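Undergrad: Have a look at this one.
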Amino acid sequence: MATYLVTRTRSGPEWDPARPMEEQSAWVEHAAYMDDLVESGFVVLGGPLSDEFRVVIVIEAESDGAIRDRLAADPWDGSHLRTDAIEPWTIRLDARER
């Protein structure tokens with residue numbers, strides 16, 4: 001399997017920039033969906049960048065299509081988040097395996 005780096009941007013029509021992430025509509029459903037992706041091993045790492053607008057997710061998947069299919073089932077897909085890029089990321093350094 002390849003490891004991919006996915007960039008998502010909070011830019012959907014339902015994203016309210018005046019509210020924190022945990023107070024956005026459908027937060028509970030989105031958080032549960034993302035937790036399931038972590039538990040299944042699909043999402044390896046993820047979280048917002050310092051601007052709190054962009055989100056980076058490291059995903060283990062066979063293809064871009066597999067990633068897009070899984071993320072399309074996210075309750076926030078299209079309403080709160082947009083996937084801007086899916087790029088392969090070669091991990092050459094990883095201290096977690098020591």
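Undergrad: Suppose the filter is in contact (Cβ under 8 Å) with a residue 24 or more places away in the chain and not in a helix (DSSP H, G or I); does Glu14 pass it? Outline the logic, then answer.
TA: Numbers: in contact (Cβ under 8 Å) with a residue 24 or more places away in the chain: yes; not in a helix (DSSP H, G or I): yes.
Spelling it out, Glu14 is indeed in contact (Cβ under 8 Å) with a residue 24 or more places away in the chain and not in a helix (DSSP H, G or I).
Undergrad: Still on this structure: Does the range 37-58 include one or more residues that are surrounded by 12 or more Cβ atoms within 10 Å (Cβ to Cβ) and more than 17 Å from Thr7 (Cβ to Cβ)?
TA: The answer is yes, given that some residue of the range 37-58 is surrounded by 12 or more Cβ atoms within 10 Å (Cβ to Cβ) and more than 17 Å from Thr7 (Cβ to Cβ).
Undergrad: Mind checking which residues of the range 1-51 are among the polar types (S, T, N, Q), under 23 Å from Thr90 (Cα atoms) and modelled with pLDDT of 95 or more?
TA: Ser40
Undergrad: Oh, and also: Six or more apart or on different chains, Cβ under 6 Å: which pairs go from a residue in the range 60-89 that's under 19 Å from Pro48 (Cα atoms) and of a type in the set (Asp, Glu) to one that's at pLDDT 95 or above and outside any strand (DSSP E or B)? Could you list them?
TA: Asp74/Tyr33; Asp77/Leu71
Undergrad: Also, quick follow-up: Report, by residue number, each residue of the range 73-98 that is of a type in the set (S, T, N, Q), within 16 Å of Arg10 (Cα to Cα) and part of a loop (DSSP other than H, G, I, E, B). Before the answer, list the steps.
TA: Keep residues of the range 73-98 that are of a type in the set (S, T, N, Q), which gives 79, 83, 90.
This time we only want the ones that are within 16 Å of Arg10 (Cα to Cα), so: 79, 83.
Ser79, the sole residue that qualifies.
Undergrad: Go through the range 59-72 and report how many residues are assigned to a loop (DSSP other than H, G, I, E, B) and surrounded by 11 or more Cβ atoms within 10 Å (Cβ to Cβ). Spell out the reasoning first.
TA: Step one: filter the range 59-72 for residues assigned to a loop (DSSP other than H, G, I, E, B), giving 62-63.
Adding the requirement that they be surrounded by 11 or more Cβ atoms within 10 Å (Cβ to Cβ) leaves 63.
Final tally of qualifying residues: 1.
The values are calculated or read from the model by the stated rules, or taken from the named source; none is laboratory data. Small disclaimer: the values here were computed from a predicted structure and weren't measured. FYI the Cβ positions are ideal-geometry reconstructions off the backbone, even for glycines, and counts take in every protein chain you see.
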